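Each value in this text was obtained by applying a stated rule to the coordinates, not by laboratory testing. Given the structure is predicted, the values throughout are model-derived calculations rather than measurements. In this analysis, Cβ positions are derived from the backbone assuming ideal geometry, glycine residues included, and neighbour counts consider all displayed protein chains.
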């Protein structure tokens with residue numbers, strides 16, 4: 001078994017880390033630079049930074065905040081939100097990120113995935129997928145639809161078909177977020193996560209719904225995710241990253257940086 005990763009997620013709005021439930025009712029909870037440094041020192045394997053309103057507000061990502069976060073951490077750092085062009089990708093990488101996450105822009109122009117992979121390598125390109133469960137139809141045979149602009153716009157695109165297309169286009173990883181589970185702390189969307197994990201050959205990060213150790217265990221084993229994105233359970237102090245990793249190791253999950261625990 002490959003080592004699994006634990007990845008804190010910083011959703012940033014107006015320069016502050018924020019957290020909501022199902023992409024709604026967001027409240028500000030802290031400074032992203034300070035939180036990034038804290039999670040790095042706690043033993044996070046990677047960090048994800050999303051400027052969650054950049055796409056819906058049709059503006060560029062907060063590159064100054066990206067740069068300040070990158071100066072504080074020395075682990076892989078994925079950045080998304082408002083990235084629409086190769087030049088946007090280059091600016092984010094030059095600001096200190098190792099990976100670029102594209103979501104709404106990739107739906108509008110799928111060629112950005114292949115262009116980014118050619119310019120910077122597939123390992124740099126992460127497809128962010130925000131997904132809602134919908135009735136099964138001819139257009140959405142999996143029963144899961146891609147939603148963009150921070151959960152505001154349904155696309156009519158089937159999630160499984162989109163994941164496969166992105167992989168063929170050169171995406172090196174998928175961050176799969178269930179809008180239905182997001183912020184609920186009631187568990188990851190296991191059916192969706194396993195569906196995508198079993199049908200692509202690139203790493204899949206489970207996102208949305210972590211509330212306890214069993215939820216992470218199920219995502220990393222039953223759903224076969226390669227990594228688990230976490231937010232509320234560490235933002236609100238329910239667990240430390242060290243506690244999460246120790247508990248998962250006790251359950252037989254192989255973790256990165258286990259020697260540091």
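A few notes on this one:
- Shape call, the range 189-252: gyration tensor on alpha carbons, a/c limit 1.5: prolate
- The mean sequence separation of alpha-carbon pairs under 8 Å and at least six residues apart, normalised by the residue count of the chain, gives a relative contact order of 19 percent.
- Computed over the chain with a Gaussian network model linking Cα atoms closer than 10 Å, the most mobile of 134, 200, 66 is 134.
- If R0 is taken as 25 Å, the Cβ-Cβ distance between residue 136 and residue 109 corresponds to a FRET efficiency of 0.35.
- GNM on the chain, alpha-carbon springs under 10 angstrom: the most fluctuating residue among 101, 111, 232 is 111.
- Among 229, 195, 127: highest mean-square fluctuation, GNM of the chain, C-alpha pairs under 10 Å: 195
- The candidate values were (i) 24, 22, 18; (ii) 60, 24, 16; (iii) 33, 24, 16; the one computed from these coordinates for semi-axes √(5λ) of the Cα gyration tensor in Å carries the label (i).
- Label positions at residue 119 and residue 250, each projected 7 Å from the Cα along the C-beta direction, are separated by 4.7 nm.
- Separation between Cα centres of the range 101-128 and the range 179-238, rounded to whole Å: 22
- Where labels lie 7 Å past Cα in the beta-carbon direction, separation of residue 243 and residue 94 in nm: 4.3
- Tensor-based shape of the range 132-254 (alpha-carbon gyration tensor, a/c under 1.5 rounded, otherwise prolate or oblate): prolate
- Exposure proxy ranking, count of Cβ atoms within 10 Å, fewest first, for 114, 142: 114, 142
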